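Values quoted throughout were computed directly from the atomic coordinates according to the rules given, and no laboratory measurement underlies them. Remember, it's a predicted structure, so these values are computed and weren't measured experimentally. Counting neighbours? That spans all protein chains shown, and the Cβs are built from the backbone with ideal geometry, glycine included.
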There are 2 protein chains.
Amino acid sequence: MKLKAYLPILDWGSRYNRQTLTSDLVAAIIVTIMLIPQSLAYALLAGLPPEVGLYASVLPLVAYAIFGTSTALAVGPVAVVSLMTATAVGRLAMEGTADYASAAIVLAALSGLILLAMGVFRLGFIANFLSHPVISGFITASGLIIALSQVGGLLGIRTEGHALPGLLTSIVENIGQINWYTVAVGAVALALLLWIRMDLKNWLARFGVPKGVAMVIVRAGPVAVVFLTMAWSVLMDLGAKGVALVGEVPQGLPMLSVPSFSLETVQALLLPALIISIVGFVESISVAQTLAAKRRERIEPNQELIGLGAANIAAAVGGGYPVTGGFARSVVNFDAGAATPAAGAFTAIGIAGATLLLTPFLAILPKATLAATIVLAVLTLVDFSILRKAWTYSRADFTAVAVTLGGTLLLGVETGIAMGVGASILLFLYRSSRPHAAIVGQVPGTEHYRNVKRHKVETLPGVLSIRIDESLYFANARYLEDYVAAQAAQVPGLTDVVLMCSAVNVIDMSALESLEAIQHRLSDMGVRLHLSEVKGPVMDKLAGTAFYAHLDGRVHLSQHQATEAIRQRREQPARDPDQPADAGISLT
Amino acid sequence: MKLKAYLPILDWGSRYNRQTLTSDLVAAIIVTIMLIPQSLAYALLAGLPPEVGLYASVLPLVAYAIFGTSTALAVGPVAVVSLMTATAVGRLAMEGTADYASAAIVLAALSGLILLAMGVFRLGFIANFLSHPVISGFITASGLIIALSQVGGLLGIRTEGHALPGLLTSIVENIGQINWYTVAVGAVALALLLWIRMDLKNWLARFGVPKGVAMVIVRAGPVAVVFLTMAWSVLMDLGAKGVALVGEVPQGLPMLSVPSFSLETVQALLLPALIISIVGFVESISVAQTLAAKRRERIEPNQELIGLGAANIAAAVGGGYPVTGGFARSVVNFDAGAATPAAGAFTAIGIAGATLLLTPFLAILPKATLAATIVLAVLTLVDFSILRKAWTYSRADFTAVAVTLGGTLLLGVETGIAMGVGASILLFLYRSSRPHAAIVGQVPGTEHYRNVKRHKVETLPGVLSIRIDESLYFANARYLEDYVAAQAAQVPGLTDVVLMCSAVNVIDMSALESLEAIQHRLSDMGVRLHLSEVKGPVMDKLAGTAFYAHLDGRVHLSQHQATEAIRQRREQPARDPDQPADAGISLT
């Protein structure tokens, strides 16, 4: 039972049969065809040789098949993580050097270890720091940066930087070096890829091609574009005309190796690895959960962390770079009928085969083809509608989107996401530091108590009843002190303050100290403090405190009981001075 | 009206009369007597010449009297801020150099500007980041560090560092150099000060001294100890016997000057200045509010920021160092009857006069006297009971105390407080990331819905009703997704999910996206999502969203209406297929 929780393969593996095998094989073939050009392209985006993208699509898929819980998730290189890899590793080494490739491997290993640790120690909640506005702003900005970073590849000019200012400057500076053959290859590749995505399916349908076959042809389209531009490259000798080609790459699959860690590299890459891990996890889990729900399956987030951790460690061992679950490929995997994580393992075999077959020919592939593949893939990431949507919904959420978007575009991915996280936490604390609170009074003839500003209600003279619509914790504890003090100062002849706690889910120690302060101050003014409608778990905590022991007033089950008790005390003054009327009568 | 809000002096000044003048003068005399030895001592603690403490007790009091809102707050050098000053400035310059003193002035100026900016832009809520557990842990740790830092002064040995490890090491290393004359002076001063604080009042009462006179004598006690040890120093020629004396100091008051800012100094001191500003503000405001409440007066936190900002800028101009409102002196000021902030201005005049009179004689004062003054003052700060109290109340609060206490003791004030703030925010987000949620059912015969685990309730087959006891925001949005998915997967023949939102005070955009995800996933499973008991302000926001527009189910006023609507729909299936029974019937 316990082992099965950590090794989901034992669970679905025990139920594996011919039918699931067939489904998985079909899905694997389609995903393999789709992954080949994407893997090559994303490696280029990460500043790595294209074959590294293929390497990163072999072992990680096998590792995820063993440890992952999603039946449809397809892991491998993805656009945003590739950009983040380029940003992180680019600070340590020059693109194209052996140091650069090995730093990318260390990054994958660190990311894997971080994800594993988060999974084992059940720290998946850390991902909650990335709010939806932050992720939306981040992904749109990343998409823009990635698209812009490929302009150089499409025009045949050099560009630099991983943020808007640097990229724009370098494009403007080098615009004179445009290579028109490269532009032609890029334009044709872009046009073909766009046509394949937008129209090919309908076109095939018009010719009576069955839907299933049409789908495979559409998925295979980008591979066809790769072969087409390869042929073009050879026939026209584009390399000699200044078109950047992929060039010689190592044949076959890489040797497995344990990545070598130098302490400085690890220190420099630890924070980027953490950010990559969290971003990758958030992307991956949301895809996995969306697809799992369609089949009423369950995703276990902490086990997903272990699955992704294993995948990244596998990426490091297999000579790749950081990977995560991709959206597009997972949807394709799902639509193609992948029934178990074994589909991923079969895809890995497919990619491994393709690597063996393809690497000899990659030398002649124009890089512009890969740039076109990237541009088309990331344009779906760019979605400015989030700005309008957030603006309409709440200014705080809009601010979080805008800060992340602006920070990422102008200062790069890591600074941008850190700014976004900081802003959203700050905005949240600010918002909850000024909770909604209302003075309440009795709706005549009922036991209901409502906001005096919104309803016709009755109040007892000298009694101030305040309803607080928020849990009480450090961020709003002092606001509560201020609020009660301000309100208390305005009531002439004040004798009693009642805090109505129906919407208070937690009282932390800061709030408890604030309640004590309120109690002391009211006591100095000769005013009694009461609480009403305190929830069970909150009352359990309060019961043992000095605040509760020294409370001048009482804790009443309901606001109405509080009012009635105060009214009764006034009507029967000092019946028996030794036993004050308010000694522990009503209490939850 | 507006000007009066920014210059409270215009308000109380217009009502000033002979009676308030008398009260203020009496309070000023008592506070002046108390402040003299404290100011000298705290400057020494900050690593500055003692007279700087006097300078810092003149102009800041005048500035606060003009801009502050508290009638009782006494600003000036305080122990914790002095330690923080020593830590921050000690990184930039050697103690005793001119650079050190001018860095302290820059620190005061920066702190003043930060406080002013926080006040003008109404950013006082930033202080909420310092939760009570963090402040308690921080102040206890600071008190311990300060006490330990004075051991050197009491034994006549050199000590170094502003955290436990360094201080302990240097005490152990130098223990051989103990000067027994210094020990004698320190021990006598400590014993006398302790006796003055503990017993002098009762002793005087026994001799029939009236209470008011006794109070003045007790306050003057520490000044007497200063003069006594000065006399001892002269008579026994302690300086020649190796006892550290204050030594020659500049005569009279310093020239006013605009502090000179170098960019590097500003950069190095910006973060410490921010921390000092916030810690000082939090200490000050809580003292001011406690005292104000006793007189039913109001403190305006944002105006307090401006008052403290002005005080710190005045400290910089007047050759001092960072100041804030002190607890002990403010209580004395209050008890002595200070009626308006003018008492502070009169105290300033008193200190200025004392500075002119005292500076010629300070040379012969043994530093051990000041060390004894500090030790006695800070021992009241040390309070380990907070650990037990927090442990009893909540593990999260205990962790925040322990992290702050340990971090401050071992790594110093700035790191310690940063760790505490980080820990408390993290713990809060963690706690609210796993909100209490319950499956609810109908209490038979009523319209009440309660937790199925705690009460005997009835549920409709195929209907899952979930009550969430927390506002929905980014930290728990994904937890909600998981929770709903997990629960939904367990109900056979599920047709409807109802989210009961009675305790949901806010739904932020992340939670909205999660609700959309939940809605999509349930929809894919053929399940309708309903909401019930959504609060007015939350509903206002939801009404304009795509989530609401595409909701398969409905928003019901009450949980009971939701259940009844589902029951009715089942009993009358597809009456009119063009007008589904659930089209917009019930809605807040």
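What is the extension gain from A:Lys241 to A:Leu263, computed as 0.36 nm multiplied by their sequence separation minus the C-alpha to C-alpha distance, in nm to one decimal?
Details: separation 22, 0.36 × 22 = 7.92 nm, distance 4.43 nm.
Here the answer is 3.5 nm.
Counting other C-beta atoms within 10 Å, and keeping those with at most 16, which DSSP coil trypsin sites (Lys or Arg not before Pro) do you find in region A:420-475?
Answer by residue number: A:Lys453, A:Arg454, A:Lys456.
With just the Cα atoms defining each centre, how far is region B:35-75 from region B:487-503? Give it in Å.
63
Quick one: which residues, 5 or more positions from B:Leu245 or on another chain, have an amide H under 5 Å from its amide H? H modelled 1.01 Å from N in the peptide plane, none for Pro or chain starts.
Residues meeting the amide H criterion: B:Lys367.
Averaged across A:76-84, how many Cβ atoms of other chains sit within 10 Å of each residue's Cβ atom?
On the way: counts 0, 0, 0, 0, 0, 0, 0, 0, 0.
Mean partner shielding for this stretch: 0.
Can you give the average number of partner chain beta-carbon atoms within 10 Å of each beta-carbon in peptide B:289-300, as a whole number? Please list the in-between numbers first.
On the way: counts 7, 5, 2, 3, 13, 5, 2, 9, 2, 6, 4, 2.
Shielding by partners across B:289-300 averages 5.
Could you size up the charge dipole of the protein assembly as shown around its Cα centre, putting +1 on the beta carbon of Lys and Arg and -1 on that of Asp and Glu, and report it in debye to the nearest 20?
1660
For region A:369-381, take each phi angle, set θ = phi - 60°, evaluate the Karplus expression 6.51 cos²θ - 1.76 cosθ + 1.60, and give the result in whole Hz per residue in order, putting x for glycine and proline.
Each residue's phi maps through the Karplus curve to give 4, 5, 4, 5, 4, 5, 4, 5, 5, 7, 4, 6, 6 Hz.
Helix B:180-198 versus the longest principal axis of chain B: what is the Cα-based angle in degrees, 0 to 90, to the nearest 10?
60
Out of B:Met230, A:Ala292, B:Ala338, whose Cα points farthest toward the positive end of the dipole of the protein assembly as shown (charges: +1 Lys, Arg; -1 Asp, Glu; placed on Cβ)?
The residue sitting most towards the positive pole is A:Ala292.
Give me Rg/Rg_expected for chain B, where Rg uses Cα atoms only and Rg_expected = 2.2 N^0.38 Å with N residues. Provide the component values of the computation, followed by the final result.
On the way: Rg = 31.4 Å, N = 588, 2.2 N^0.38 = 24.8 Å.
In units of the globular-protein estimate, chain B measures up at 1.27.
Which order do the peptides B:477-487, A:323-333, B:244-254, B:134-144 take when ranked by the mean count of other beta-carbon atoms within 10 Å per residue, highest first? Please list the in-between numbers first.
On the way: B:477-487: 20.6, A:323-333: 24.2, B:244-254: 15.7, B:134-144: 25.7.
The densest-packed peptide leads the list: B:134-144, A:323-333, B:477-487, B:244-254.
Where does chain B land at 222 nm, in deg cm²/dmol rounded to the nearest 500, when only DSSP H runs of n ≥ 4 count, each adding -39500 (n - 2.57), divided by all residues?
Using -39500 (n - 2.57) per qualifying helix, the result is -20500 deg cm²/dmol.
Find which of B:Leu515, B:Ser262, B:Ala56 sits farthest along the positive direction of the dipole of chain B, computed with +1 on the beta-carbon of Lys and Arg, -1 on that of Asp and Glu, about the Cα centre.
B:Ala56
Which of the listed residues, A:Ser385, A:Ala108, B:Gly422, is farthest toward the dipole's positive end in the protein assembly as shown, when Lys, Arg count +1 and Asp, Glu count -1 at the beta-carbon?
About the Cα centre, the residue reaching furthest to the positive side is A:Ser385.
May I ask for the angle, rounded to the nearest 10°, between helix B:395-411 and the longest principal axis of chain B, with both axes built from Cα atoms and the value confined to 0 to 90°?
Helix B:395-411 sits at roughly 40 degrees to that axis.
Work out the length of the dipole vector of region B:438-566 about its Cα centre, built from +1 on the beta-carbon of each Lys and Arg and -1 on the beta-carbon of each Asp and Glu, and round it to the nearest 20 debye.
Using Cβ point charges on Lys, Arg, Asp and Glu, region B:438-566 gives about 320 debye.
Determine the dipole magnitude for chain B: charges of +1 sit on the beta-carbon of Lys and Arg, -1 on that of Asp and Glu, nothing else is charged, the reference point is the Cα centre, and the result goes in debye to the nearest 20.
In debye, rounded to 20, chain B gives about 1500.
Nearest 10 degrees is fine. How inclined is helix A:263-294 to the longest principal axis of chain A, computing both from alpha carbons?
Once rounded, one gets 80 degrees.
Other chains' Cβ within 10 Å of A:118-128 residues: what's the mean?
Average neighbour count from other chains, rounded to a whole number: 3.
Identify the residues of region A:16-45 with backbone N under 18 Å of a label point that sits 7 angstrom from the Cα of A:Val213 along the Cα-to-Cβ direction, or state none.
Residues A:30 qualify, since their backbone N sits under 18 Å from the label point.
Kindly give the distances from A:Asn17 to its copy-mates, label point to label point, with each label point 7 Å from Cα along Cα→Cβ, as nm values to one decimal ordered shortest first.
Computed spacing set for this position: 9.8 nm.
Can you grab the distance from the C-alpha centre of region B:116-142 to the C-alpha centre of region B:440-466, Å, no decimals?
Measuring centre to centre over Cα atoms gives 45 Å.
Show the residues, 5+ positions off or on another chain, whose built amide H is closer than 5 Å to the amide H of B:Val498.
Amide H to amide H, under 5 Å and 5 or more residues apart or across chains, B:Val498 pairs with B:Leu464, B:Ser465, B:Ile466, B:His530.
Quick one: compute the contact order of chain B, relative version, from alpha carbon pairs under 8 angstrom and 6+ residues apart, as a percent.
22
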